[in-house]
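A.B. asks: Here you go, one structure.
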Amino acid sequence: MDSVKEIFQNDLKVLHPLQHISSHKEPLIVERGEGVYLYTCTGEKILDAFSGMWNVDIGYGNKEIAQTAYDQICKIAYGSNFSGSSTLPQIYLAQKLEGYAYSSLKTTFFTCGGSESNDSAFKTAQYYWKRKGKPTKTKIICLNNAYHGMTMAAASATGIPKFWNMFNKVPGFIHIANPYAYRFSEELKANETVGQAAARIFEETILKEGADTIAAFIAEPVQGSGGGIVPPEDYFPLIRKLCDKYNILMIADEIITGFGRTGKMFALNHWGVEPDVLCFAKGITSGYMPLGGMQVNDKINEVIQNAPGDEAWLHGFTYSGHAASCAVALKNLEIIERDHLLENANAMGDKLTRDLASIMDYDCVGEIRRIGLLYTVEFVTDKASREKNFDLAAKMYTKCLEKGVRVRTLGNNISLAPPFIIKPEEVDYVVKVIKEALNESLR
């Protein structure tokens, strides 16, 4: 086996996502994982309070998942699922997902991850309107601070400007104000809530651009990389009404929020809203195999199924519906349901909220946002100015990691999203470390 020094040298041959030398000076190189813990090649034991990338919902080292993957690979790991052929795990998973998230979404297209899922949604929205005789409906309205992925179209939909600096955005993606109550800087009219104001801006944009040019609206129910931003209660019901009013498809990017992260299996259920298109990934397999997908409602599916040959929905990927990944997804969902992991996620989210409530007394903590087992602390220079404190968030990440807890830095925020299996005593340790790290960072 390679020495630790050789491992670090060989890691230099990898071009990592979001690669920059400043963020990869001392990489965390993981050898194995068990439960909520990571074990590094240098001997550290780290409680992963961020579930990898919001996705290892059932925790690490689950042997049932490993056995399921092994059994399926022994049968057939991969088979083409292009039109004219299929594999059993894909069929069974699509059957499981029929109406699973939202009753109106019954048909699933599988991808390898979130970016592919969102790209598929954009392409399908344009396809739908072209088939409906409205080829000018091509634009996608997106939110500031949104994150939708790293492929060209998904990055163009992303509303975080740093992701646009070094490439040319795909035309047709329009960004508008997000319902970020703590930092909402747009005009608020008399007696208007932030949710109403953000929805009004959406309608004003539709009228400015022309409804006959807009194919879809896309949003994360809770913005993830943008800072764990939980929307006002009235926002998405208003957006749904406006999409219906102006004949615009509503796309829900539930890559992060899907499969229980917010305490409900899918996040728009918090507000009684159903999208026309759902994009998912991450939690579908708890990260054990790459898989994502897009679900569409009947009106979209019928347009695809009834197309003449020269207008076929010519879209797909080699690994769409990968057999082993679909088998793992089925087992993952079985474990989440059987072991009542959403109940535990909600209980541990409640405990985290109670036990960390006291940090709001610090002048540097501007806001705490939480839904389900997704928890974000926003750091500021002081409460009065609300000036973003990026340095403190970076210090908190480093201090927590030194003490054996992995959190995620999101700008001037730190975010927690531990596996659903986390135990009370493990939450206690996370709370202890965060409080110690905060006190030390402020010295």
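A.B. asks: Which of the numbered conditions does Thr40 fail, given that it passes all the others? Conditions: (1) surrounded by fewer than 11 Cβ atoms within 10 Å (Cβ to Cβ); (2) within 23 Å of Ala66 (Cβ to Cβ); (3) of a type outside the set (A, V, I, L, M, F, W, C).
C.D. replies: (1)
Here's the yes/no breakdown for (1) β-branched (Val, Ile, Thr); (2) more than 24 Å from the chain's Cα centre (by Cα); (3) farther than 22 Å from Asn55 by Cβ:
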| position | (1), (2), (3) |
| --- | --- |
| Glu378 | no, no, yes |
| Thr381 | yes, yes, yes |
| Ala393 | no, no, no |
| Leu401 | no, no, no |
| Thr409 | yes, no, no |
| Ala417 | no, no, no |
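A.B. asks: Looking only at the stretch 207-223, which residues are crowded, with 22+ Cβ neighbours inside 10 Å, more than 17 Å from Arg183 (Cα to Cα) and of a type outside the set (Phe, Trp, Tyr)?
C.D. replies: Ile214, Ala215, Ala216, Ile218, Ala219, Glu220, Pro221
A.B. asks: Give me the pairs: first residue in the stretch 81-95 and part of a helix (DSSP H, G or I), second residue among the hydroxyl-bearing types (Ser, Thr, Tyr), beta-carbon distance under 7 Å, and six or more apart or on different chains, which are they?
C.D. replies: Ala94/Thr108
A.B. asks: Moving to a separate point now. Scanning for something under 28 Å from Ala281 (Cβ atoms), surrounded by fewer than 17 Cβ atoms within 10 Å (Cβ to Cβ) and among the acidic types (Asp, Glu), does the stretch 224-233 turn up at least one residue? Break it down into steps so the answer makes sense when it comes.
C.D. replies: Step one: list which residues in the stretch 224-233 are under 28 Å from Ala281 (Cβ atoms), which gives 224-233.
Applying the additional criterion that residues be surrounded by fewer than 17 Cβ atoms within 10 Å (Cβ to Cβ) yields 233.
This time we only want the ones that are among the acidic types (Asp, Glu), so: 233.
Looking through the stretch 224-233, at least one residue is under 28 Å from Ala281 (Cβ atoms), surrounded by fewer than 17 Cβ atoms within 10 Å (Cβ to Cβ) and among the acidic types (Asp, Glu).
A.B. asks: Taking Phe163 and the conditions (1) at pLDDT 95 or above; (2) hydrophobic (A, V, I, L, M, F, W, C); (3) outside any loop (DSSP other than H, G, I, E, B), which numbered condition does it fall short on, given that it satisfies the others?
C.D. replies: Looking at each condition in turn, Phe163 falls short on (1).
A.B. asks: Which one of these is over 18 Å from Leu314 (Cβ atoms), touching a Lys or Arg at 6+ places or on another chain (Cβ under 7 Å) and surrounded by fewer than 24 Cβ atoms within 10 Å (Cβ to Cβ): Gly114, Gly99, Gly133?
C.D. replies: Just one listed residue meets the conditions, Gly99.
A.B. asks: I'd like to check something: does the stretch 294-313 contain any residue that is farther than 15 Å from Ala121 by Cβ and either surrounded by 24 or more Cβ atoms within 10 Å (Cβ to Cβ) or under 19 Å from the mean Cα position of the chain (by Cα) (or both)?
C.D. replies: The answer is no; no qualifying residue exists.
A.B. asks: To continue, here is another question. Can you tell which of Phe236, Phe259 is under 30 Å from Gly35 (Cβ atoms) and among the aromatic types (Phe, Trp, Tyr)?
C.D. replies: None of the other options fit; the residue is Phe259.
A.B. asks: If you check Thr151 against the conditions, is it surrounded by fewer than 22 Cβ atoms within 10 Å (Cβ to Cβ) and either in contact (Cβ under 8 Å) with a residue 40 or more places away in the chain or within 20 Å of the chain's Cα centre (by Cα) (or both)?
C.D. replies: Yes, satisfied.
A.B. asks: Looking only at the stretch 25-62, count every residue that is assigned to a strand (DSSP E or B), in contact (Cβ under 8 Å) with a residue 60 or more places away in the chain and acidic (Asp, Glu) and tell me the total.
C.D. replies: 1
A.B. asks: Kindly indicate whether Ile21 is modelled with pLDDT under 95 and either more than 26 Å from the chain's Cα centre (by Cα) or of a type in the set (D, E, K, R) (or both).
C.D. replies: Answer is no for this residue.
A.B. asks: Within the set of pairs 6 or more residues apart or between chains, which connect a residue that is under 13 Å from Pro418 (Cβ atoms) and touching a residue at least 60 places away in the same chain (Cβ under 8 Å) inside the stretch 329-348 to a residue that is of a type outside the set (A, V, I, L, M, F, W, C) and part of a helix (DSSP H, G or I) with Cβ atoms less than 9 Å apart?
C.D. replies: Met348/Pro424; Met348/Glu426
A.B. asks: Something else now. Condition test on Phe122, is it touching a Phe, Trp or Tyr at 6+ places or on another chain (Cβ under 9 Å) and of a type outside the set (D, E, K, R)?
C.D. replies: Numbers: touching a Phe, Trp or Tyr at 6+ places or on another chain (Cβ under 9 Å): yes; of a type outside the set (D, E, K, R): yes.
Yes.
A.B. asks: Further question on the same structure: Against the definition (in contact with a Phe, Trp or Tyr (Cβ under 8 Å, 6 or more places away or on another chain), closer than 30 Å to Tyr60 by Cα and surrounded by fewer than 18 Cβ atoms within 10 Å (Cβ to Cβ)), how does Thr318 come out, yes or no?
C.D. replies: On the way: in contact with a Phe, Trp or Tyr (Cβ under 8 Å, 6 or more places away or on another chain): no; closer than 30 Å to Tyr60 by Cα: yes; surrounded by fewer than 18 Cβ atoms within 10 Å (Cβ to Cβ): yes.
Judged against the criteria, Thr318 is not a match.
A.B. asks: In the stretch 326-358, what residues are farther than 17 Å from Ala281 by Cα and of a type in the set (S, T, N, Q)?
C.D. replies: Those that are farther than 17 Å from Ala281 by Cα and of a type in the set (S, T, N, Q): Asn344, Asn346, Thr353, Ser358.
The values are calculated or read from the model by the stated rules, or taken from the named source; none is laboratory data. All figures in this text were calculated on a predicted structure; none of them were measured in a lab. Counting neighbours? That spans all protein chains shown, and the Cβs are built from the backbone with ideal geometry, glycine included.
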